[in-house]
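So the structure is just underneath, and the comments pick up after that.
Values quoted throughout were computed directly from the atomic coordinates according to the rules given, and no laboratory measurement underlies them. Nothing here was measured: the structure is a model prediction, and the numbers come from that model. Here the Cβ positions follow ideal geometry from the backbone for every residue, glycine too, while neighbour counts run over all protein chains shown.
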Amino acid sequence: MTTTIQTQTFDAQRVAVLRQVLDIAVEKIAVQHRTPATKAMMAQIIVRHAADGITDTGALVTHAVRAGADGAP
């Protein structure tokens with residue numbers, strides 16, 4: 001069985017928007033959960049959903065906040 005992984009590339013402007021989405025989402029979680037591990041997890045969620053075609057920044061923030069609300073495992 002062969003697994004194919006598709007990669008998504010983002011231009012500089014899109015990366016800047018995704019960074020802003022992360023910053024907004026981090027501000028919406030409890031301070032004690034704003035660790036580098038939680039931020040990395042939230043960033044992965046944002047990039048994954050953006051790669052799946054979600055362009056709505058509100059939706060991306062919502063997904064990231066849900067993922068980071070309890071901190072990283």
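Take Thr38, Thr9, Thr55, Thr62 and order them by how many other Cβ atoms sit within 10 Å, fewest up front.
Values: Thr38 22, Thr9 7, Thr55 10, Thr62 14.
Least to most surrounded, the residues fall as Thr9, Thr55, Thr62, Thr38.
Among Ile29, Ile46, which comes first, second and so on when ranked by fewest other beta-carbon atoms within 10 Å?
On the way: Ile29 20, Ile46 23.
Result, fewest neighbours first: Ile29, Ile46.
Would you mind computing, in nm to one decimal, how far apart the modelled labels at Asp52 and Gln8 are, each placed 7 Å from Cα along Cα→Cβ?
So the label points at Asp52 and Gln8 sit 0.9 nm apart.
I need the calculated FRET efficiency for the pair Ala30 and Ala59, taking r as the beta carbon distance and R₀ as 25 Å, to the nearest 0.05.
On the way: r = 21 Å, r/R0 = 0.86.
Efficiency computed from Cβ-Cβ geometry: 0.70.
Before rounding to the nearest 500, sum -39500 (n - 2.57) across all DSSP H runs of length at least 4 in the chain and divide by the residue total; then give [θ] at 222 nm in deg cm²/dmol.
On the way: 3 runs with 44 residues, N = 73.
So the helix-based figure for the chain works out to -19500 deg cm²/dmol.
If you take the Cα atoms of segment 12-68, find Rg, then find the Kirkwood Rh from the mean of 1/r over all pairs, what is Rg/Rh? Working shown, then result.
Numbers: Rg = 10.3 Å, Rh = 10.9 Å.
My calculation puts Rg/Rh at 0.94.
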